[in-house]
Amino acid sequence: MNAIETAIKMELEAVDFYTACAGRTNNPIGKKMFLSIAEDEQHHAACATNVMAGREFRVSATTPLQDMKAIYEQNKEAMLQRVSSTTDEVEALEMAMKMEKDAIAFYQNAAAQAATPTEKAFFDCLIKDEEEHFAIFLNTHSFLTDTGNWFMWDEHSIVEG
């Protein structure tokens with residue numbers, strides 16, 4: 001199996017995982033976050049299919065971080081209402097972060113060994129998106145496990161005392 005075929009397999013597995021996570025989370029913003037990232041991964045799989053067929057791939061009009069900011073803005077009130085997270089949700093985020101780190105490492109290696117400029121550009125694009133996915137999951141994990149510090153850092157506060 002070559003790197004593009006492996007990428008398709010990894011991206012489709014991520015779609016299944018993130019869709020399942022969305023179905024299991026109680027937090028409505030968490031559901032939207034997982035579904036948004038599942039959409040990104042579905043787009044990546046479609047792009048990989050195009051690259052494998054020798055066609056160009058289409059970069060998404062927005063970045064994962066832009067998508068998440070839009071979700072947060074549209075759901076600001078719901079976000080401020082503290083919904084307790086379950087151990088399963090926190091574990092899902094930890095597994096998602098590991099999946100994204102593994103994907104980044106794989107795509108960095110694939111980019112270095114790419115056979116064509118299109119393949120290299122594709123893997124570089126995947127690296128950028130997966131790094132943003134990781135940042136989103138890390139930020140969400142921090143919010144759920146240490147909300148007080150999350151708000152402090154989010155507001156760039158300086159603790160005086």
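Given the criterion within 21 Å of VAL15 (Cα to Cα), out of contact with any Phe, Trp or Tyr (no Cβ under 9 Å at 6 or more places or on another chain) and not charged (D, E, K, R), identify the matching residue among GLN42, GLN108.
GLN42
Return the only residue of ILE37, ILE8 being modelled with pLDDT of 95 or more and closer than 18 Å to GLU132 by Cα.
Just a single option satisfies the conditions, and that option is ILE37.
Within the stretch 18-32, work out how many residues are within 19 Å of ASP67 (Cα to Cα) and assigned to a helix (DSSP H, G or I).
Residues meeting the conditions: 9.
Report, by residue number, each residue of the stretch 1-16 that is surrounded by fewer than 18 Cβ atoms within 10 Å (Cβ to Cβ) and either within 12 Å of the chain's Cα centre (by Cα) or part of a helix (DSSP H, G or I) (or both).
GLU5, THR6, LYS9, LEU12, GLU13, ASP16
From the list GLN66, GLN81, GLN113, pick out the single residue that is modelled with pLDDT of 95 or more, surrounded by fewer than 19 Cβ atoms within 10 Å (Cβ to Cβ) and of a type outside the set (Gly, Ala, Ser).
GLN113
Can you tell me which residues in the stretch 46-70 are of a type in the set (Val, Ile, Thr), touching an Asp or Glu at 6+ places or on another chain (Cβ under 7 Å) and either without any contact (Cβ under 8 Å) to a residue 24 or more places away in the chain or part of a helix (DSSP H, G or I) (or both)?
Hit for the stretch 46-70 is VAL51, nothing else.
The values are calculated or read from the model by the stated rules, or taken from the named source; none is laboratory data. The structure displayed is predicted, hence computed values, not measured ones. Positions of Cβ are backbone-derived with ideal geometry, glycine not excepted, and every protein chain shown enters the neighbour counts.
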